[in-house]
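The values are calculated or read from the model by the stated rules, or taken from the named source; none is laboratory data. Here the structure is a predicted model, which is why all the values come from computation and not from measurement. So basically every Cβ, Gly included, is an ideal-geometry build from the backbone, and we count neighbours across all protein chains shown.
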Amino acid sequence: MKKLLLALLVLAATISNASAQVEIGLKISPSITSLRAESTSANSFSSDGSQLGFGGGLVVDYFFGENYAFSTGLLLTGKGGTIAYNDVTNNVPLVVKQKFTTQYLELPLTVKLFTNEIAPATRLYFQVGGSLNVPIGTRIGGEKFYKDPATGTENKASDYVYFFDADALAAIGAEYQLGKSTKVFGGISYHRGLVNIDHYFVSKRSFKDVTIKNSSVALDLGIKF
């Protein structure tokens with residue numbers, strides 16, 4: 001019991017000390033996004049183009065060492081891209097193209113590793129981890145509703161996208177100290193979707209082995225206070 005109480009006291013002291021080393025800021029992230037699509041040769045799903053996305057929101061860095069921080073936040077992020085696949089209507093083969101645009105509410109769960117100063121008031125950082133993402137709005141071809149050209153059935157665009165996504169995340173950048181507590185930063189991050197977001201083709205159309213995943217490369221620009 002004494003060991004447990006001692007461990008709890010040490011943990012409380014660590015959290016208390018860490019709470020004094022929290023940096024909160026805002027960032028914006030223009031990006032290039034795409035969808036990685038694949039399936040069996042029967043439908044031949046494939047990526048057919050990328051698009052510009054935009055994101056931004058709150059960033060929070062919890063430092064547990066001079067050069068180490070747990071980095072999280074709450075971000076609104078745009079993702080998507082164009083996919084192409086083979087289908088049949090009235091016994092006539094056709095190639096269908098769909099341009100998806102989805103807004104995600106994103107919770108990053110990452111670790112940031114900082115170098116010592118490489119120039120006055122300037123440090124490099126490396127960020128690795130992932131994020132948990134929930135879609136809050138989807139459009140196909142810019143519309144909230146989409147009519148399947150093969151079946152003639154109209155559905156909400158959001159019905160095509162799974163209700164949850166997760167990314168692996170890797171980033172590199174630099175941070176510059178402007179004042180006592182103000183820092184600006186800039187970097188490049190890569191987000192690779194881990195979850196198959198298809199929520200229509202397999203379950204509603206009975207296509208075989210369809211996989212659609214998000215990918216994006218972002219320019220991260222921000223300020224911490």
Checked the range 111-166 for anything of a type in the set (Gly, Ala, Ser) and free of Cβ contacts under 8 Å to residues at least 60 places away in the same chain; matches are Ala119, Ala121, Gly129, Gly137, Gly141, Gly142, Gly152, Ala157, Ser158, Ala166
Original post:
If we scan the range 141-158, do we find a residue that is hydrophobic (A, V, I, L, M, F, W, C) and under 27 Å from Val60 (Cβ atoms)?
Top reply: no
Conditions (1) in contact with a Pro (Cβ under 9 Å, 6 or more places away or on another chain); (2) in contact (Cβ under 8 Å) with a residue 60 or more places away in the chain; (3) loosely packed, with under 14 Cβ neighbours inside 10 Å; (4) not charged (D, E, K, R) -> Leu169 fails only (3)
Notebook entry, point to check: Taking Gly179, is it exposed (fewer than 14 other Cβ atoms within 10 Å of the Cβ) and either touching a residue at least 60 places away in the same chain (Cβ under 8 Å) or in a strand (DSSP E or B) (or both)?
Noted result: no
Residue set Ala69, Ala84, Ala37; condition buried (at least 20 other Cβ atoms within 10 Å of the Cβ), in contact (Cβ under 8 Å) with a residue 12 or more places away in the chain and under 15 Å from Phe201 (Cβ atoms); output residue Ala37
Output for Cβ contacts, cut-off 7 Å, separation at least six or different chains, first residue touching a residue at least 24 places away in the same chain (Cβ under 8 Å) in the range 90-106, second outside any strand (DSSP E or B) and crowded, with 16+ Cβ neighbours inside 10 Å, reads Lys97/Asp48
Checked Lys213, Lys183 against criteria (modelled with pLDDT of 95 or more and in contact with an Asp or Glu (Cβ under 6 Å, 6 or more places away or on another chain)); the one match is Lys183
Reported set for the range 127-150 where residues are acidic (Asp, Glu) and either loosely packed, with under 15 Cβ neighbours inside 10 Å or assigned to a strand (DSSP E or B) (or both) is Glu143
Inside the range 170-224, the number of residues satisfying the requirement of being within 22 Å of Ser39 (Cα to Cα) and of a type in the set (A, V, I, L, M, F, W, C) is 8
